[in-house]
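J.: If you scroll down you'll find the structure; I have some questions about it.
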Amino acid sequence: MRTIHVIGIGAGDPEQLTLQAVRALRDTDVFFVLDKGEAKADLVRLRHDILRTHVPEGTYRVVEARDPERDRGASGAAYSPAVGDWRSARAGIYQELIAGELGEDETGAFLVWGDPALYDSTLGILEEILERGAVTFAYDVVPGISSVSALVARHRTGLNRVARPVQITTGRRLAEGLPEGVDDVVVMLDAHQTFRRYADQDIDIYWGAYIGTPDEILVSGPIAEAAPRIEQLRAEARERKGWIMDTYLLRRGPGK
Ligand SMILES: C[S@@+](CC[C@H](N)C(=O)[O-])C[C@H]1O[C@@H](n2cnc3c(N)ncnc32)[C@H](O)[C@@H]1O
């Protein structure tokens, strides 16, 4: 039976790799690496560095493939079908890779950014392939340190306050309003600096870009003061590197 490890590799700092992840890396014959848009070169390089550091040379193969294009223009009611189509296209590619590149008794691995449980489609894709039934395999999941954990650690703060909830959401959702009944909101996948909409409110922001990498930038403080600074730093960094990955925590209410 083919086996697949889905390995969370942390959100940018190679030292965020867990001992369990290293063990799974060393147990792998074939690594599947799919390239991803603008950030591709840097993110693929980090994966190769991790392999070189932790797995003896000559004990594994790396198979690279192209990610299908996603319809990033889709919005509103068209958004979910666009993501669904993209996921199915990816499932087709993953299926071909597994069937064509992984021997019947071999172990493959997908190295997933951060934690595979958070805004990542790998697990859904593997389930879709198994449902299609053309190829069978067993798989397991190694949790990783997510960008959310890394963000709050770098800011030396917690995610929730005593006995209070925290919500993790996207920039797209935040554009529809701050969630009700939740005063600590983590925002990911925000290409539009949606926090600016709330700059007139009594909110603190804890923002981080390229967290855990040598390019890391951190800003925190009352949103009215921090927002213009983040906008400027974000624009400069995006210009310099050609891509940006940022995450932030918005905190409002008593006892901020
Ligand atoms: C597709 S999601 C993947 C999240 C990932 N599975 C995790 O656990 O962090 C990508 C988003 O994660 C956040 N992100 C990932 N790595 C980051 C980093 N090193 N610094 C800041 N944000 C990061 C950004 O919000 C980015 O838009």
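J.: Given (1) open to solvent by less than 30 Å² (accessible area, probe 1.4 Å); (2) within 13 Å of the ligand (Cβ to nearest atom), where does A191 come up short, assuming only one miss?
T.: For A191, the exception is condition (1).
J.: Then there's this: Hey, does the range 66-88 have a residue that's modelled with pLDDT of 85 or more and either outside the structural domain of T247 (by TED's automatic domain parsing) or aliphatic (A, V, I, L, M) (or both)? Don't jump to the end; show me each part of the working.
T.: First, pick out the residues of the range 66-88 that are modelled with pLDDT of 85 or more: 88.
Now restrict to residues that are either outside the structural domain of T247 (by TED's automatic domain parsing) or aliphatic (A, V, I, L, M) (or both): 88.
Yes, some residue in the range 66-88 is modelled with pLDDT of 85 or more and either outside the structural domain of T247 (by TED's automatic domain parsing) or aliphatic (A, V, I, L, M) (or both).
J.: With respect to K36, determine if the residue is basic (K, R), within 21 Å of E101 (Cα to Cα), modelled with pLDDT under 95 and within 16 Å of the ligand (Cβ to nearest atom). Show your work before the answer.
T.: On the way: basic (K, R): yes; within 21 Å of E101 (Cα to Cα): yes; modelled with pLDDT under 95: yes; within 16 Å of the ligand (Cβ to nearest atom): yes.
Taking the combined requirement at face value, the residue satisfies it.
J.: Here's something else I'd like to know. Consider L159 against the criteria (1) at pLDDT 95 or above; (2) farther than 24 Å from A117 by Cα: it satisfies all of them except one. Which criterion is unmet?
T.: Going through the list (1) at pLDDT 95 or above; (2) farther than 24 Å from A117 by Cα, L159 breaks only (2).
J.: Report yes if some residue within the range 123-141 is modelled with pLDDT of 95 or more and under 21 Å from T247 (Cβ atoms); otherwise report no.
T.: Checked the range 123-141: at least one residue is modelled with pLDDT of 95 or more and under 21 Å from T247 (Cβ atoms).
J.: Are there any pairs, at least 6 apart or on different chains, whose C-beta atoms fall under 6 Å, with the first in the range 182-193 and closer than 14 Å to R172 by Cβ and the second within 7 Å of the ligand (Cβ to nearest atom) and part of a strand (DSSP E or B), and if so, which?
T.: M188/T247
J.: Filter the range 196-207 for residues that are crowded, with 20+ Cβ neighbours inside 10 Å and either away from the ligand (no atom under 12 Å from the Cβ) or within 14 Å of the chain's Cα centre (by Cα) (or both) and give the result.
T.: In the first step, residues of the range 196-207 are kept if they are crowded, with 20+ Cβ neighbours inside 10 Å; the result is 203, 205-207.
Selection gives I203, I205.
The values are calculated or read from the model by the stated rules, or taken from the named source; none is laboratory data. None of the values given here were measured: they were computed from a predicted structure. Because the Cβ atoms are built from the backbone with ideal geometry, glycine has one as well, and the counts that use them run over all protein chains shown. Keep in mind that these areas ignore ligands, DNA and RNA; they rest on the heavy atoms of the full protein, side chains included. Shrake-Rupley method; radii C 1.70, N 1.55, O 1.52, S 1.80 Å.
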